[in-house]
Amino acid sequence: MRIIIAGAGRGGLSLGIHLQKVGHSVSIIDRDVVVAQRATEEHGVVAFAGDATEAAILRQAGPERADVVLAMLHRDADNLAVALLARSLGAGRVMVRMRDSDYRLVYEEAGVTQILSETDVLIGALATAIEYEAVRHSMVLGSGEAHAVEIEIPAGSRVIGRSVSEVAAHADFPRSCVVAGMALEGRVQAPRGGSVFQASMRILVVAAQEDLSRVIAFFLHKDA
């Protein structure tokens with residue numbers, strides 16, 4: 001994919017580096033000449049020095065050829081300007097990082113449907129990690145009605161040696177829970193009914209918010 005990121009702060013640059021490492025073509029736009037130069041010289045990311053809210057600067061990055069234009073500037077007003085400008089220059093898909101939730105309706109009315117709230121992501125991840133020590137990573141889905149969490153299966157867990165279908169049929173297994181991924185020693189697999197849980201395996205599960213504590217307790221429960 002061809003991706004343009006407006007804003008090379010810590011989050012924007014880190015994201016750009018990651019996306020490029022996994023095979024995408026990334027261009028970054030930032031007002032700071034030094035930041036743009038470092039992005040190219042140290043990380044090999046194509047960078048443009050300038051204000052992405054200016055048509056002449058954004059046009060240099062070729063939004064009409066990009067698969068995604070992502071606005072990650074410090075002010076929502078600037079992100080809104082980038083989104084509208086990118087659309088007018090031919091960008092097919094636009095995303096924004098929202099800092100102030102008061103802007104959500106403004107973004108939506110402007111036709112921006114992919115709105116990433118850093119506050120929601122941060123609160124969701126931190127709150128879940130604080131509440132549940134076993135959670136390695138977490139993400140809030142939708143408006144908070146569901147969570148995706150990564151859990152490491154401890155030695156002695158009752159699920160070890162059992163298949164996904166066996167575990168799902170257990171009377172105590174929360175009905176809203178779905179096992180979405182399994183990983184062990186760097187090998188990742190998409191769970192099937194016959195996939196077997198193992199000690200130290202990390203699993204990605206999705207569950208309704210009200211079932212989250214029961215889901216975590218279920219997988220951490222040890223046989224007597």
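The values are calculated or read from the model by the stated rules, or taken from the named source; none is laboratory data. Remember, predicted model here, so these are calculated numbers, not experimental data. Positions of Cβ are generated from backbone atoms using ideal geometry, with glycine treated the same way; all protein chains shown enter the neighbour counts. Accessible surface areas use protein heavy atoms only, side chains included; no ligands, DNA or RNA. Shrake-Rupley method; radii C 1.70, N 1.55, O 1.52, S 1.80 Å.
This table checks each residue for (1) open to solvent by 70 Å² or more (accessible area, probe 1.4 Å); (2) at pLDDT below 80.
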{"residue": "Leu89", "(1), (2)": "no, no"}
{"residue": "Glu108", "(1), (2)": "yes, no"}
{"residue": "Thr119", "(1), (2)": "no, yes"}
{"residue": "Leu126", "(1), (2)": "yes, yes"}
{"residue": "Glu133", "(1), (2)": "yes, yes"}
{"residue": "Met139", "(1), (2)": "yes, yes"}
{"residue": "Ser143", "(1), (2)": "yes, yes"}
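Of all residue pairs spaced 6 or more apart or on separate chains, those with beta-carbon atoms under 8 Å, a first member in the range 195-212 that is in contact (Cβ under 8 Å) with a residue 60 or more places away in the chain and a second member that is among the aromatic types (Phe, Trp, Tyr) are Leu212/Tyr132. Among the residues of the range 96-106, those that are within 21 Å of Glu54 (Cβ to Cβ) and surrounded by 20 or more Cβ atoms within 10 Å (Cβ to Cβ) comprise Val96, Arg97, Tyr103. Beta carbons closer than 8 Å, at least 6 apart along the sequence or on distinct chains, pair a first residue in the range 34-54 that is within 13 Å of Leu13 (Cβ to Cβ) with a second that is among the charged types (D, E, K, R) for Ala36/Asp30; Ala39/Asp30; Ala47/Asp30. Inclusion of Val82 among residues that are crowded, with 20+ Cβ neighbours inside 10 Å and part of a helix (DSSP H, G or I) is warranted. Val106 meets each of the listed conditions (1) of a type outside the set (D, E, K, R); (2) closer than 24 Å to Asp32 by Cα; (3) in a helix (DSSP H, G or I) apart from (2). Only one entry of Leu80, Leu73 meets the criterion of being in contact (Cβ under 8 Å) with a residue 12 or more places away in the chain, within 17 Å of Ile115 (Cβ to Cβ) and in contact with a Phe, Trp or Tyr (Cβ under 7 Å, 6 or more places away or on another chain), and that entry is Leu80. So which residues in the range 66-79 are surrounded by fewer than 23 Cβ atoms within 10 Å (Cβ to Cβ) and assigned to a helix (DSSP H, G or I)? Of everything in the range 66-79, those that are surrounded by fewer than 23 Cβ atoms within 10 Å (Cβ to Cβ) and assigned to a helix (DSSP H, G or I) turn out to be Asp76, Ala77, Asp78. Note on the range 11-47: residues that are modelled with pLDDT of 90 or more, surrounded by fewer than 16 Cβ atoms within 10 Å (Cβ to Cβ) and of a type in the set (Val, Ile, Thr) amount to 3.
Against the condition outside any loop (DSSP other than H, G, I, E, B), open to solvent by less than 40 Å² (accessible area, probe 1.4 Å) and modelled with pLDDT of 90 or more, how does Val159 come out, does it pass? Taking the combined requirement at face value, the residue does not satisfy it.
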